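Engineer: Handing you this structure, nothing more for now.
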Amino acid sequence: MNNKKKITIRYFLYILGGAVLGACLSLVCFHAKIPFENLFSDLYTRLLASSPWLCILLGLSAVVLCYVPLAKAKKRIADWNGWNDDTDDTFYRKTEVLLNISIGTSSLAMMLYFMAFALLTIATLRKHVSVYLFFAVVLCSLFFMIFLAFPQRKAVEQIRILNPEKRGDALELHFRKKWLESFDEQERIAAYAASYQAFSSLNLVFFALYILLVLLIPFFDIGFLPFFCIGCMWLIPNGIYLRETLKRKKTQ
């Protein structure tokens with residue numbers, strides 16, 4: 001049997017196995033509908049009621065987790081000519097890791113905070129949270145957004161101390177474009193490889209979310225909107241990837 005036939009048979013086995021697994025999970029979900037439905041409903045109600053405190057706790061934790069590695073990196077840079085015994089390569093690597101942790105934590109924390117704030121909005125509309133508490137959390141959110149944005153600028157400034165050729169301000173509109181343009185060839189290759197890995201992983205995540213939503217249909221009145229949103233988010237990056245691939249092939 002040639003390699004092409006093996007790949008074809010393996011592909012159909014994957015499809016068949018996925019169909020069988022999906023059917024088994026569907027049967028389990030339908031038979032366990034009542035106990036699981038009550039469990040999910042109770043957990044969701046408690047989550048809605050605790051959403052204000054979840055927002056505040058998440059905001060405070062994010063601020064601390066952003067500023068701690070940033071403060072360590074700033075201290076390393078300030079003391080570099082003094083006590084630090086690291087070689088130049090070790091110093092740059094360790095310091096940039098701390099700064100990248102601060103920037104990454106800030107970005108991820110903002111995304112999580114938006115999700116928590118959406119949960120708070122739903123809780124307020126469904127009368128699980130008072131309007132006054134909602135606006136109090138909104139006021140706190142403004143401060144959290146500010147404190148989560150400025151660590152990115154400070155971290156970028158520290159990176160520019162280590163690498164003066166880097167350009168851009170983290171709070172300006174086209175920062176990522178300017179920042180990427182200041183990369184050398186090796187840094188660009190690493191950035192492109194990481195971007196492609198993120199793109200590939202995103203496709204798997206969207207597929208997993210689609211399967212999860214299908215399994216949750218018996219328990220929640222999901223409707224078509226979540227499937228539509230996931231479908232759009234799935235189509236857009238793949239459409240952009242296809243467009244850019246074809247455009248660059250034409251110019252080669």
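The values are calculated or read from the model by the stated rules, or taken from the named source; none is laboratory data. What you see is a predicted model, and the numbers here were worked out from it, not measured in a lab. Virtual Cβ from ideal backbone geometry, glycine too; neighbours counted across all protein chains shown.
Engineer: Would you be able to tell me the number of residues in the stretch 182-212 that are over 20 Å from L225 (Cα atoms) and either of a type in the set (G, A, S) or touching a strand residue (DSSP E or B) at 6+ places or on another chain (Cβ under 9 Å) (or both)?
Structural biologist: Going through the stretch 182-212 one residue at a time, the tally reaches 9.
Engineer: Considering only helices (runs of 4 or more DSSP H) fully contained in the stretch 148-252, which possess at least 2 residues that are in contact with a Phe, Trp or Tyr (Cβ under 9 Å, 6 or more places away or on another chain), surrounded by fewer than 15 Cβ atoms within 10 Å (Cβ to Cβ) and touching a residue at least 12 places away in the same chain (Cβ under 8 Å)?
Structural biologist: Passing ranges, in order: 185-216, 225-251.
Engineer: I've got another one for you. Looking at L60, L48, L125, L119, which one is farther than 30 Å from W179 by Cβ and exposed (fewer than 15 other Cβ atoms within 10 Å of the Cβ)?
Structural biologist: Result of the check over L60, L48, L125, L119: L125.
Engineer: Taking R176 and the conditions (1) modelled with pLDDT under 80; (2) more than 21 Å from the chain's Cα centre (by Cα); (3) in the same structural domain as A116 (by TED's automatic domain parsing), which numbered condition does it fall short on, given that it satisfies the others?
Structural biologist: Single failed check for R176: (2).
Engineer: Could you list, ordered by first residue, the pairs with Cβ atoms under 7 Å in which the first is in the stretch 94-123 and within 16 Å of Q158 (Cβ to Cβ) and the second is basic (K, R), at least 6 apart or interchain?
Structural biologist: T95/R76; L98/K72
Engineer: Provide a single number: the residues in the stretch 65-87 that are modelled with pLDDT under 60 and assigned to a helix (DSSP H, G or I).
Structural biologist: 0
Engineer: A further question on this structure: If you check L171, L139, which single one turns out to be of a type in the set (A, V, I, L, M), in contact with a Lys or Arg (Cβ under 7 Å, 6 or more places away or on another chain) and under 21 Å from F114 (Cβ atoms)?
Structural biologist: From the options L171, L139, the qualifying one is L171.
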